[in-house]
Amino acid sequence: QVQLVESGGGLAQAGGSLRLSCAASGLIFNNYIMGWFRQVPGSERERVAIINRGGDVTNYADSVRGRFTISRDDAENTIYLQMDNLKPEDTATYYCVARRAVRSNYEHWGRGTQVTVSS
(Lines give C-alpha, C1' and ligand atoms only; values in the text may rest on other atoms or scores of the structure.)
Protein backbone atom coordinates (compact mmCIF):
# COMPACT_ATOMS: atom_id res chain seq x y z
CA GLN A 1 0.00 0.00 0.00
CA VAL A 2 1.00 3.60 -0.45
CA GLN A 3 2.68 5.18 2.54
CA LEU A 4 3.89 8.71 3.10
CA VAL A 5 5.90 9.11 6.27
CA GLU A 6 6.84 12.57 7.49
CA SER A 7 9.71 13.36 9.81
CA GLY A 8 11.73 16.32 10.99
CA GLY A 9 9.09 18.22 12.88
CA GLY A 10 9.70 19.59 16.32
CA LEU A 11 10.28 22.79 18.22
CA ALA A 12 11.95 25.86 16.81
CA GLN A 13 12.40 29.46 17.80
CA ALA A 14 11.06 32.29 15.72
CA GLY A 15 13.64 33.05 13.07
CA GLY A 16 14.99 29.52 13.19
CA SER A 17 14.87 26.66 10.71
CA LEU A 18 13.57 23.13 10.37
CA ARG A 19 13.79 20.62 7.54
CA LEU A 20 10.89 18.24 7.02
CA SER A 21 11.21 15.00 5.09
CA CYS A 22 8.60 12.72 3.56
CA ALA A 23 9.54 9.19 2.56
CA ALA A 24 7.16 7.67 0.01
CA SER A 25 6.66 3.99 -0.69
CA GLY A 26 4.20 1.81 -2.57
CA LEU A 27 4.02 4.12 -5.58
CA ILE A 28 5.97 5.00 -8.68
CA PHE A 29 7.38 8.14 -7.20
CA ASN A 30 8.24 10.01 -10.38
CA ASN A 31 4.61 9.73 -11.57
CA TYR A 32 3.35 11.86 -8.70
CA ILE A 33 2.97 15.51 -7.97
CA MET A 34 4.06 15.92 -4.37
CA GLY A 35 3.51 18.56 -1.77
CA TRP A 36 2.98 19.77 1.75
CA PHE A 37 -0.17 20.94 3.50
CA ARG A 38 -0.52 22.20 7.04
CA GLN A 39 -3.39 22.47 9.47
CA VAL A 40 -4.08 24.09 12.81
CA PRO A 41 -6.86 22.42 14.82
CA GLY A 42 -10.16 24.11 14.07
CA SER A 43 -8.92 25.67 10.83
CA GLU A 44 -8.98 24.68 7.19
CA ARG A 45 -6.01 22.91 5.73
CA GLU A 46 -3.64 25.19 3.88
CA ARG A 47 -1.60 24.22 0.85
CA VAL A 48 1.98 25.13 1.68
CA ALA A 49 4.07 24.00 -1.27
CA ILE A 50 3.78 21.80 -4.36
CA ILE A 51 6.44 20.33 -6.62
CA ASN A 52 5.86 18.80 -10.04
CA ARG A 53 6.95 15.40 -11.29
CA GLY A 54 10.18 16.66 -12.76
CA GLY A 55 11.06 18.76 -9.75
CA ASP A 56 11.54 21.88 -11.85
CA VAL A 57 8.26 23.68 -11.09
CA THR A 58 7.13 24.68 -7.61
CA ASN A 59 4.25 26.62 -6.10
CA TYR A 60 4.10 28.20 -2.67
CA ALA A 61 1.48 29.71 -0.46
CA ASP A 62 1.88 33.47 -0.15
CA SER A 63 2.40 33.02 3.57
CA VAL A 64 5.58 30.97 3.10
CA ARG A 65 7.00 32.18 -0.21
CA GLY A 66 10.58 33.28 0.21
CA ARG A 67 10.98 31.39 3.47
CA PHE A 68 10.21 27.75 2.59
CA THR A 69 11.72 25.61 -0.15
CA ILE A 70 10.28 22.33 -1.42
CA SER A 71 12.48 19.81 -3.19
CA ARG A 72 12.40 16.16 -4.22
CA ASP A 73 14.93 13.38 -4.56
CA ASP A 74 13.50 10.77 -6.91
CA ALA A 75 16.38 8.39 -6.25
CA GLU A 76 15.32 8.29 -2.59
CA ASN A 77 11.53 8.60 -3.12
CA THR A 78 11.62 11.55 -0.76
CA ILE A 79 10.48 15.15 -0.69
CA TYR A 80 11.70 17.85 1.64
CA LEU A 81 10.50 21.14 3.01
CA GLN A 82 13.25 23.47 4.12
CA MET A 83 11.66 25.96 6.48
CA ASP A 84 13.67 29.10 7.20
CA ASN A 85 12.86 32.26 9.12
CA LEU A 86 10.11 30.46 10.97
CA LYS A 87 7.28 32.42 12.51
CA PRO A 88 4.90 31.45 15.33
CA GLU A 89 2.08 31.35 12.79
CA ASP A 90 3.89 28.48 11.05
CA THR A 91 2.92 26.30 14.01
CA ALA A 92 0.79 23.48 12.61
CA THR A 93 0.69 19.83 11.73
CA TYR A 94 2.40 19.39 8.38
CA TYR A 95 1.19 16.70 5.98
CA CYS A 96 2.90 15.18 2.98
CA VAL A 97 0.58 14.67 -0.01
CA ALA A 98 0.68 13.02 -3.43
CA ARG A 99 -1.50 13.11 -6.53
CA ARG A 100 -1.28 11.92 -10.13
CA ALA A 101 -2.77 14.98 -11.85
CA VAL A 102 -3.25 18.67 -11.22
CA ARG A 103 -7.05 18.53 -11.47
CA SER A 104 -7.55 15.71 -9.04
CA ASN A 105 -7.78 15.46 -5.31
CA TYR A 106 -4.65 14.65 -3.40
CA GLU A 107 -4.94 10.89 -3.32
CA HIS A 108 -2.51 10.07 -0.56
CA TRP A 109 -1.77 11.75 2.74
CA GLY A 110 0.77 11.13 5.42
CA ARG A 111 -0.04 11.03 9.11
CA GLY A 112 1.56 14.41 9.74
CA THR A 113 4.41 15.84 11.73
CA GLN A 114 4.04 18.61 14.29
CA VAL A 115 5.91 21.88 13.94
CA THR A 116 5.83 24.31 16.85
CA VAL A 117 7.47 27.73 16.64
CA SER A 118 7.91 29.76 19.78
CA SER A 119 8.39 33.49 20.06
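Here are some notes:
- Ranked by the mean number of other Cβ atoms within 10 Å of their residues, highest first, the peptides 87-99, 45-57 come out as 87-99, 45-57.
- Neighbours of Thr113, meaning other residues whose beta-carbon lies under 14 angstrom from its beta-carbon, give a summed charge of +1 when Lys and Arg score +1 and Asp and Glu score -1.
- Heavy atoms of the protein chains alone define the surface here; on that basis the chain has 54 Å² accessible area per residue at 1.4 Å probe size.
- Taking the average, over residues, of other Cβ atoms within 10 Å as the packing measure, peptides 68-81, 12-25 rank 68-81, 12-25 from highest down.
- Carbon plus sulfur fraction of accessible area for the chain, probe 1.4 Å, in percent: 43
- Over all other residues within a Cβ to Cβ distance under 10 Å of Ile79, the charged ones net out to -3, with Lys and Arg as +1 and Asp and Glu as -1.
- The charge dipole of segment 1-95, taken about its Cα centre with unit charges on the Cβ atoms of Lys, Arg (+1), Asp and Glu (-1) only, comes to about 80 debye.
- The chain - share of DSSP beta bridges that are antiparallel (%, nearest 5): 90
- Extension gain, Ala14 to Asp73: 0.36 nm times the residue separation minus the Cα-Cα distance gives 18.4 nm.
- Neighbour net charge for Gln39 - beta-carbon separation under 14 angstrom, K R +1, D E -1: -1
The values are calculated or read from the model by the stated rules, or taken from the named source; none is laboratory data. Everything numeric here is computed off the predicted structure, so don't read it as measured data. No Cβ is skipped: glycine too gets one built from the backbone with ideal geometry, and neighbour counts run over all protein chains shown. Areas reflect the complete protein model, heavy atoms only, side chains present, ligands, DNA and RNA absent. Shrake-Rupley method; radii C 1.70, N 1.55, O 1.52, S 1.80 Å.
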